[in-house]
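**Student:** Below you'll find the structure I mean.
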Amino acid sequence: MIVRKFKPTDLKRVFEIENMSFNQSYGINMFQQLYNMGVGFLVAEDEGYVVGYVLFWVKYENQGHIISIAVDKNYRRHGCGTQMLVKAIGILSLLRLDTIYLEVNENNVGAVEFYKQFNFKIDRVVPGYYEDGDAAIVMYLPLKRGKVSSE
Ligand SMILES: CC(C)(COP(=O)(O)OP(=O)(O)OC[C@H]1O[C@@H](n2cnc3c(N)ncnc32)[C@H](O)[C@@H]1OP(=O)(O)O)[C@@H](O)C(=O)NCCC(=O)NCCS
């Protein structure tokens, strides 16, 4: 498995993975627009087949943001998510940010556990964050001088 930059020819597979992973979709055009905007966009590839993606950017001057991450159902729990998130954090860490944060659906227990493996902490809950009324848990990873903090 390798993690590499997204290419426009990956769009269909990324959209498929998003559809099997989330109830609400950004839509294929949004992925294209995010790519055009130049956000961080990586995919995990297994023997030429795209099995996951991660999108991230710098939202504010000192805050990185994980926009979305997902792995094909058939490839989960094999370290793909870890490899992609490690790479995304590594890239964001080069930018002297204070924190990396993200939102995760309050019912997405598996993803919360996944992020905790990386030392993401729970910051707060935002009621009604998602279109269907579900709350979001905001999680953050403190960085120290651009590096992942050991605290
Ligand atoms: C969250 C997600 C990206 C994780 O990807 P993955 O490739 O399965 O993750 P990894 O194999 O790297 O998991 C690393 C560790 O995280 C934890 N973890 C991952 N998924 C978990 C789950 N469903 N339940 C509990 N712990 C989990 C485990 O500790 C795991 O290590 P282990 O398999 O040795 O026990 C994947 O489950 C996914 O695509 N989910 C649907 C989309 C989603 O929820 N994205 C996040 C939205 S904010």
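No value in this document is a laboratory result; all are computed from the given coordinates. Keep in mind that what you see is a predicted model, and the values were worked out from it rather than measured. Counting neighbours? That spans all protein chains shown, and the Cβs are built from the backbone with ideal geometry, glycine included.
**Student:** Do the alpha carbons of any pairs in Lys87/Lys121; Lys5/Lys121; Lys73/Lys144; Lys7/Lys87; Lys12/Lys116 sit beyond 25 Å of each other, and which pairs? Walk me through the numbers on the way to the answer.
**Tutor:** On the way: Lys87/Lys121 19 Å; Lys5/Lys121 27 Å; Lys73/Lys144 34 Å; Lys7/Lys87 17 Å; Lys12/Lys116 30 Å.
In this structure, Lys5/Lys121; Lys73/Lys144; Lys12/Lys116 lie more than 25 Å apart at Cα.
**Student:** Once amide H atoms are placed 1.01 Å from N in the peptide plane, what residues at a sequence separation of 5 or more from Asp134, or on another chain, have their amide H within under 5 Å of its amide H?
**Tutor:** Long-range HN contacts for Asp134: none found.
**Student:** Using only alpha carbons, build the gyration tensor for segment 5-124 and give me the equivalent ellipsoid semi-axes, biggest first, whole Å.
**Tutor:** Calculated on Cα positions only, the semi-axes equal 21, 18, 14 Å.
**Student:** I've got another one for you. Sort His78, His65 so that the residue with the fewest other Cβ atoms within 10 Å of its own Cβ comes first and the one with the most comes last. Mind showing how you got there, number by number?
**Tutor:** Numbers: His78 15, His65 19.
Sorted ascending by nearby Cβ count, the order is His78, His65.
**Student:** Find the relative contact order for the chain and round it to a whole percent, using C-alpha pairs within less than 8 Å whose residues are 6+ positions apart. Could the numbers behind the result be given before it?
**Tutor:** Details: 254 pairs, mean separation 27.6, N = 151.
It rounds to 18 percent for the chain.
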